[in-house]
1. Given charges of +1 on the Cβ of Lys and Arg and -1 on the Cβ of Asp and Glu, with all other atoms neutral, how large is the dipole of the range A:334-402 about its Cα centre, in debye to the nearest 20?
2. Output needed for the protein assembly as shown: three equivalent-ellipsoid semi-axes, defined as square roots of 5 times the C-alpha gyration tensor eigenvalues, in descending order, whole Å.
3. Report the number of Lys pairs in the protein assembly as shown whose alpha-carbons are under 19 Å apart, with separation of 8 or more residues or on distinct chains.
4. Counting residues in the range A:250-338 as N, plug N into 2.2 N^0.38 Å and put the Cα Rg over that result.
5. Just going by the charge dipole of the range B:1-156, with Lys and Arg at +1 and Asp and Glu at -1 on Cβ, which of B:Ala12, B:Val86, B:Ser123 is farthest out on the positive end?
6. Once fully extended, how much extra length lies between B:His141 and B:Thr105, figured as 0.36 nm per residue of separation less the alpha-carbon to alpha-carbon distance?
7. For B:Glu313 and B:Asn272 in one chain, what is 0.36 nm times their gap in residues minus the Cα-Cα distance, to one decimal in nm?
8. Calculate the spin-label point distance for A:Glu51 paired with B:Glu265, positioning each point 7 Å from the Cα along the beta-carbon direction, and give it in nanometres.
2 protein chains.
Amino acid sequence: MTEPGASALERAHSRRDASLSQLREFLRIPSISCERSRSGDVAAAAEWLAERLRALGAERVTVYPTGCHPIVYGEVLTAGRGSPTVLIYGHYDVQPVSALDDWETDPFDPTITGNELRARGASDNKGPMIACIAAVEAVLHAGPMPVNVKFLFEGEEEIGSVHFREFLEDHRDLCGCDLVLNPDVGMLGEQSPTIFYGLRGMYRCRLRVTGPSRDLHSGGYGGIVENPIHVLSALVAGMHDGGGRITLPGFYDAVREMSEEERSEMATLPRNEADYLAQSGAPQLWGEEEYLPAEREGARPALDVIEMRAGSEKAAIPAGASAIITVRLVPDQLPESVHAGLEAYLEEHAPPTVRWEITEWSGFPALLTDRASPGVRAMADAMKAVWETDPLFYRSGGSIAAVGYLKEILGVDSLLTGFSLPDDRVHGPNEKLHVPSWERGTDAVIHFLYSLANELRTD
Amino acid sequence: MTEPGASALERAHSRRDASLSQLREFLRIPSISCERSRSGDVAAAAEWLAERLRALGAERVTVYPTGCHPIVYGEVLTAGRGSPTVLIYGHYDVQPVSALDDWETDPFDPTITGNELRARGASDNKGPMIACIAAVEAVLHAGPMPVNVKFLFEGEEEIGSVHFREFLEDHRDLCGCDLVLNPDVGMLGEQSPTIFYGLRGMYRCRLRVTGPSRDLHSGGYGGIVENPIHVLSALVAGMHDGGGRITLPGFYDAVREMSEEERSEMATLPRNEADYLAQSGAPQLWGEEEYLPAEREGARPALDVIEMRAGSEKAAIPAGASAIITVRLVPDQLPESVHAGLEAYLEEHAPPTVRWEITEWSGFPALLTDRASPGVRAMADAMKAVWETDPLFYRSGGSIAAVGYLKEILGVDSLLTGFSLPDDRVHGPNEKLHVPSWERGTDAVIHFLYSLANELRTD
């Protein structure tokens, strides 16, 4: 640990309450990107962030409009041209809060109980963003910057980073860097800091099945016209076999199997069946039995219908039924191939009593990153300094489109980590943040910035 | 035809425009019984009806409050004690208009195009009610009443006649009658007046499947926790076999088979596969091939999931998924037995990855009525006089709880008919009424009132 590091940590510790207040202010803005009526709130969150970056002393702070929600940029390049540059990625948009009844507190009125800060976005991703901002603020306050820092915050992560790719293409120089720090993943436990070296990709579409030309009285047509809800149900049910494997034609053809070495390592990870059971609250786990849950999460594909919506209270056979299907992809599956497999499945299995169509499909592939890079070494050092234990290396089951775009367009790897815990109820009701882990996260980012300078200096 | 009949018909014809205006006024009230926010409108429709009955000259006109929507009563007993009494049943509540986008005109702004009057409730059941009121008005105006008439209009037919039974139990004398005229069914075609001698019964419940204790991030748990949407889909899909038969244990045990005589008659009915295809707009029909569509409609049970609702746009495995299941029952199926069969099915087929529960179940059995009663003869005479053809006898696939309650509590049969056509889009968007059939309906009710007096006099 260098002297400026100690001083930065002191600064960060003295400002913990202030940072927490800032986070709470940020969480009060309901920046739900998928709801049109919230566009104003999403924009307000972008402006709030820009204001934070300006207050910190960042330069060239700009809120860039896109076709939908803006992107916020700012930079602290005082380390100079000879020093490495790390780009800190984050997203200030949040998931919706559909099941409002299940929230014990107002999702946009951040509430602290013991060590928990409860609010939509607390873990995903506003808390980790504020931890990074607080770390840079402390390092900047403590003395000369060890590395250059750029901030790049988008407002469309939860809706597939629709305009992020285009923005990167248009701003290659602005975003140029040696490494991306992405704190949008998490850690496996309070005492298990984690670096993620894999992300699953994503295929997403809407499937619509239509039968009669209008809703039909179920008395007049029950038993005579096949109900699109029943057809869609059968199609969805048939997408898995009894062993949890996906039945779409060719689905597993491109799936890269793990090496024996990787499987051995995965078997030692401190996240077992009991953890998944406890954290999910499911009566029993499910899936491909020949793989451990951690393997199924990170290295095996998964198909989920996330929404099905059809009919109404009225006694009618509805004209149609629709579902949103998502597939978490693993290396080397391509969204295009999964799409083709789904179409082949529907052609084979949809009965002649209905018509079907797939609309709005999109996707991006899975990613594996280099576990031996200087950035990873720097973060491992930092984590060891803060948690006094080596980080775990894990494949995330999640999907972050932005990571792929940053690799593809800027040619840079993302260092995937985070300070949220597996039971933080990310995307669900009562999302929360474990405040002590979040505070350690700030410390870890401070350490990381100094370690990264050392790593890249000795390279 | 007696003289007063001719005079009543003249009166009705001279008031056709006035009756149509009244109907349009009635249709403007959005009396959707299943939507709490519409309670005021439902009450307004009841008051409107009461006012109509008073204007007609009915006595003891009362809007009876119930635990939910009121019941409207009125009577014209001037025929005297020695004359038969017919109770005219109707319901002034309507189905919701959920798929508003599919309506070509405002469902509560009645629109006339050619012979069609388009509005929610035009056919089901406001049009037929106004036809009956207009008929009684005309008969009353023409001279002495041939029979006594009672009006009984409920506001909860579309939600299962929740308080109708209790009302009948509390008002047995008030509602006492020789026969019920129920114009809530319809006719098989413009030139095919129809008397229905069967109604299917109804079983209805909500099935809820729950898996994890909260919505789970589909990246973190996809492939590890079974998705309740998939489970519910498989359960729904498994409720039918490939031949359109329902697989619930014991489901067909009590089903009464049709006689060969009845099947022969059904085979001659002028409603064939092509009619069902054209009227439904389905690409292909479906169901038990060993029965004709008309047999499947009236004499075979049908199971339909009318609503399935689960998940949201957010990338999560939802904590639960639910469906509303309805079963149209035939003689001699009991709702209790179907419920037990559904429970047995779920016990056998629901996987250990979820919990399930059935809530809010209710039901009532199917009905067959006497085709040789004086009331049926009187209506057959009336229809022959108006359409110059004998009526068809048909089993309706629909379900009207009130008919069973009237039989059970008052001991009276309902004469089931109506003036709506199979393509009237009842319960669907763009519901309409064929105005000439509706006008003939008024004439038929006028004839019926006189014929009924004759039939019962000669008995």
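Readers should treat all values here as calculations from the given coordinates under stated rules, not as data from a laboratory. Computed from a predicted model, the values in this text were never measured in an experiment. Cβ coordinates were reconstructed from backbone atoms using ideal geometry, including for glycine residues, and neighbour counts include every protein chain displayed.
1. On the way: 5 positive and 10 negative charges, 71 e Å.
Using only the charged Cβ atoms, the result is roughly 340 debye.
2. Working: eigenvalues 920, 157, 95 Å².
Equivalent ellipsoid of the protein assembly as shown: 68, 28, 22 Å, largest first.
3. 10
4. On the way: Rg = 17.6 Å, N = 89, 2.2 N^0.38 = 12.1 Å.
Rounded to two decimals, the normalised Rg is 1.45.
5. About the Cα centre, the residue reaching furthest to the positive side is B:Val86.
6. On the way: separation 36, 0.36 × 36 = 12.96 nm, distance 3.63 nm.
Gain in length upon complete extension: 9.3 nm.
7. Values: separation 41, 0.36 × 41 = 14.76 nm, distance 4.22 nm.
Length difference between fully extended and current span is 10.5 nm.
8. A separation of 7.9 nm, rounded to one decimal place.
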